[in-house]
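First the structure, then my questions, so here it is.
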Amino acid sequence: MRKPFAFPPKSLAGQLMLWITASVTVLWLVAVGFGALVMHDEFGEIFDSSLQETAERLVPLVVDDLRRRNDINEPRRIERSPSQPGEEYLTYQVRDANGQVLLHSHTASEQPFEAPLKVGFRDGETGRFYTASTPDGSIFVQVKDSAAERQEAMFEGTLALLLPVLLIVPVTVLAVWFVVRRVLSPVETLRAAIGEKDGGNLAAIEAVSLPQELQPILRSVNLLLARLRSVLAAEREFTSNSAHELRTPIAGALAQTQLLLSELKDAPVRARAQQIEASLQKLTKLTEKLLQLARAEAGIGVSETTFDVADVVGVVVTDFQRASEDAGRIRFRNDFAGQGQREGTADAFAIVLRNLVENALLHGRVDEPVEILLTGEGNVRILNGAARLSDAELSTVRKRFSRGKTLAAGSGLGLSIADRLLAQMRASLVLTSPIPGRVDGFQADVMFPDAR
């Protein structure tokens, strides 16, 4: 069944940056909006004050001018001085009590304004008006400013408020990103430290400059790691005790069987005793592998100590050369100079090497050597002659009780045990077939992450 698509988990830092930036941006825009409203009121007051002041100052001037004229019945247009070019923001008309236009500014129409002859402010379709009059109400001065001019002033003022915000927002995003990353860096440090904890590393996490809010989490994680170490230690002790108790009766039964064989003379009975001996020897080997597997499952490779890989390889190779029936097939070469300390226990790594070498001796061609190489980087490589294996077969032989296409005796647990223990030591087992540069053969590489 196809799994439904799942979105990746959201980042805490990303969400903080997004919400803080959005909140700051919205607040800035709200501030600009309130500023624009206040500015609209203030601009209205300024424009109205300008209209009123202009109209009231024009009244005495207009009255004096009209008294000197003889043709007051003809509307007169006030021409603009050529020395004062530019757009006129205010226009005016002088009207009598009947509404007739007596004077008007350069750009004003000869037609009367749509404002009534009443002192005060009026709004029209094309602008705002202020009407002033003489004390006797015979002459009215109406001054108008354009609605377009007011709108333009408002637009330019609002834009002047908005442009800095548009520049500040990217700076705010960068500042928020920097601050959030800096503040959350202890969280990332703790996350990385916890992520390093696996079956091969259960050491307590050091409290390095963690904030107060993260201290309880750190204490809880270290308490859990301590409990895991205790559980693993108990499992290892139980496995060791079980191994001793299990080996003893099997070894006793095998010894009694061998003693019985030395006393039996009757061929049929002796043959049956030999079958019992073979079964007990097979049971001994299988029991040994099962105990190794149990110890691997108990985490014997997990340790805060280190071991010297060259020393362990040397001891294991020497043991095989002295005690193995196939000692003549073993070829060892050490290309590693110096001491290579690796995380884990020497006992666990020795079990890994013994299983790999036994596997090479058991399943390799008897007429070809088993080569053991300690590389210059501090890794271990074991090569033996064998038929070429496919990728599927290389994957299968790693599984428990999987022996591949072979007639040789064995339990099918050696590679599985080695793979499990190396994972606890944060190392890896790489299987290759054929051997690079050859048409067949089998190669097992033990790769350490800190190899130099």
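The values are calculated or read from the model by the stated rules, or taken from the named source; none is laboratory data. Predicted model, so just to flag it, every value in this text is computed and none were measured. Quick reminder, even Gly has a Cβ in these numbers, built from the backbone with ideal geometry, and neighbours come from all protein chains shown. Accessible surface is based on the protein model in full, side chains and every heavy atom, while ligands, DNA and RNA are left aside. Shrake-Rupley method; radii C 1.70, N 1.55, O 1.52, S 1.80 Å.
Pick out the one residue from 171, 183, 179 that is more than 23 Å from the chain's Cα centre (by Cα), closer than 24 Å to residue 21 by Cα, modelled with pLDDT of 80 or more and open to solvent by 30 Å² or more (accessible area, probe 1.4 Å).
Only one candidate qualifies: 171.
Sort out which residues of the range 34-45 are farther than 15 Å from residue 120 by Cα and either surrounded by fewer than 11 Cβ atoms within 10 Å (Cβ to Cβ) or at pLDDT 85 or above (or both), and write them in order of number.
Passing the criteria: 34, 37, 38, 41.
Related question: When the residues of the range 406-452 are narrowed to those that are over 16 Å from residue 360 (Cβ atoms) and at pLDDT below 75, which ends up most open to solvent (accessible area, probe 1.4 Å)?
Across the range 406-452, the extreme among qualifying residues is 452.
Sticking with this structure for a sec: Look at the range 58-115 and say how many of its residues are at pLDDT 80 or above and part of a loop (DSSP other than H, G, I, E, B).
9
On to the next question. Do the conditions hold for residue 141, that is, is it part of a strand (DSSP E or B) and of a type in the set (A, V, I, L, M, F, W, C)?
So residue 141 fits the description; yes.
Let me ask something else. If residue 146 satisfies every condition in (1) at pLDDT 80 or above; (2) open to solvent by 20 Å² or more (accessible area, probe 1.4 Å); (3) among the hydroxyl-bearing types (Ser, Thr, Tyr) but one, which is the exception?
The single condition residue 146 does not satisfy is (1).
Looking only at the range 387-399, filter to residues that are of a type in the set (A, V, I, L, M, F, W, C) and touching a Ser or Thr at 6+ places or on another chain (Cβ under 7 Å); which one of those is least open to solvent (accessible area, probe 1.4 Å)? Can you show your working first?
Let us first name the residues in the range 387-399 that are of a type in the set (A, V, I, L, M, F, W, C), namely 387, 389, 392, 394, 397.
Next cut, touching a Ser or Thr at 6+ places or on another chain (Cβ under 7 Å) only: 389, 394.
Details: 389: 48, 394: 19 Å².
My answer is 394.
Give the residues of the range 1-18 that are part of a helix (DSSP H, G or I) and either at pLDDT 85 or above or open to solvent by less than 90 Å² (accessible area, probe 1.4 Å) (or both), sorted by residue number. Break it down into steps so the answer makes sense when it comes.
Going residue by residue through the range 1-18, those that are part of a helix (DSSP H, G or I) are 12-18.
13, 14, 15, 16, 17 - these are the residues of the range 1-18 that are part of a helix (DSSP H, G or I) and either at pLDDT 85 or above or open to solvent by less than 90 Å² (accessible area, probe 1.4 Å) (or both).
For the range 117-135, enumerate the residues that are surrounded by fewer than 15 Cβ atoms within 10 Å (Cβ to Cβ) and among the basic types (Lys, Arg).
Matches in the range 117-135: 118 only.
Among the numbered conditions (1) basic (Lys, Arg); (2) at pLDDT below 80; (3) part of a strand (DSSP E or B), tell me where residue 403 comes up short.
(3)
Ok, one more. Please state which of the following conditions residue 153 fails to meet, knowing it meets all the rest: (1) open to solvent by 50 Å² or more (accessible area, probe 1.4 Å); (2) under 30 Å from residue 93 (Cβ atoms).
(1)
One residue is enough: does the range 47-54 have a residue meeting the conditions within 17 Å of residue 119 (Cα to Cα), among the charged types (D, E, K, R), part of a helix (DSSP H, G or I) and open to solvent by less than 40 Å² (accessible area, probe 1.4 Å)?
Yes.
Moving on. List every residue pair whose Cβ atoms sit under 6 Å apart, with the two residues 6 or more apart in sequence or on different chains, where the first one lies in the range 202-225 and is touching a residue at least 40 places away in the same chain (Cβ under 8 Å) and the second, anywhere, is among the acidic types (Asp, Glu).
Short answer, once both residue conditions are applied: 203/304.
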